[in-house]
Structures are given as C-alpha cells and as structure tokens.
1. Of the residues 113, 84, which is at pLDDT 85 or above and open to solvent by 30 Å² or more (accessible area, probe 1.4 Å)?
2. Which ones in region 91-110 are more than 25 Å from residue 145 (Cβ to Cβ) and open to solvent by 10 Å² or more (accessible area, probe 1.4 Å)?
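The values are calculated or read from the model by the stated rules, or taken from the named source; none is laboratory data. In this text, all values refer to a predicted model and were calculated from it rather than measured experimentally. Note that each Cβ is placed from the backbone with ideal geometry, even for glycine, and that neighbours are counted across all protein chains shown. When the accessible area is computed, the model is the full protein with side chains, heavy atoms only, and any ligands, DNA or RNA have been set aside. Shrake-Rupley method; radii C 1.70, N 1.55, O 1.52, S 1.80 Å.
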Amino acid sequence: EGALSVYDRSTNKLTHYAFDPLAGSKADVRGFVYMLEDRDRNLWLATTNDGLYRFDRKHRQFIRYRNEANNGESLADDQLLNLFQDREGNIWVGPEQVAPNYFSTKPTPFEKFVHQPGTANNLAASLVSSIYEDRKGILWISSSSSLNRINRKTGENRVIFRGANDEVHTMIDR
C-alpha cells in the first residue's frame, strides 16, 4: 500500500500519509509523474494512469479526480504528464493524449480547453508538452507541433508557430 511522506523543516518531522483509495479502485503510487504544491499548501499528484490526486493537508486526506465517461466536467483523461498553477489559482493539467484541462479551485469541476482541428487559433495536436504563465499573466501552451499564446483576460488564443517536430518541452521568462 502506498503513502506520501512530507518533511517539515520547521519541526524537523517526517509525516507519513497513507492512501485510502475509493472502494473498488486501486491507487497506483508507483505511477506519479508530477507533483505540485498550490498556494493553499495542497499537494497535487499527477499519475501515468490513475488520474489526479489532491492531498488536503488540513483534513489529512487524498481526493482523487478521474475521467468519468459520461461526465463532461470530469478530468479529460487519466494519463497525465504535467501540472501548473496560474496566478488566479487554477490548476492546469496536461494529459498525455488530449487537450489540457484546468481545475478552478472555486468551484470544483474541471474545465476543458478543447482541441478543435481545422480552427485557426487552436492547438495543432492534443498532446501537451508544457504549460507556462509569463509575468504578464499570458498562458503559453506547447503541444507536439505548436506553441499557443493565450490571454485569458481577453480570450485571445494565438498560434505562435505550428509545424511538425517543433515540440517545446520547457519555457522560461526572460
């Protein structure tokens, strides 16, 4: 059975938190690929095939988010690659094979950033390689063959480049 261990520097204490999976499900603790601590000190854990976990330190429990076939507000896919928290506190999730989702911390449902082939200002592919927010609050999303610049205040979504084999894996602000 899996657990998460958290070291608190101020108390010099290591605390272990065990997973308590939902009935009939299995927590794949070996499949974590990304971890993010949000502003509220919640830990978000992305997995390779078991969706997204949020560890609520206040209540000392794990909450799992998964794809639900008949629920359009659920996580788009259970195979995840990366996580990011933007300035507004939203948690962006980069699934392996579908367009990114973002989780508004208030209220709780996921919102999908839909990949629409043939649309001019859209991701060229569903595979998201990296998500980044610059100093001006502009969101940058790279896919396997494009880089998009998204101004969420105005709703503008602009393709910066599109082409085969031009994948961006990491972004920094200079």
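1. 84
2. Result: 104, 105, 106, 107, 108, 109.
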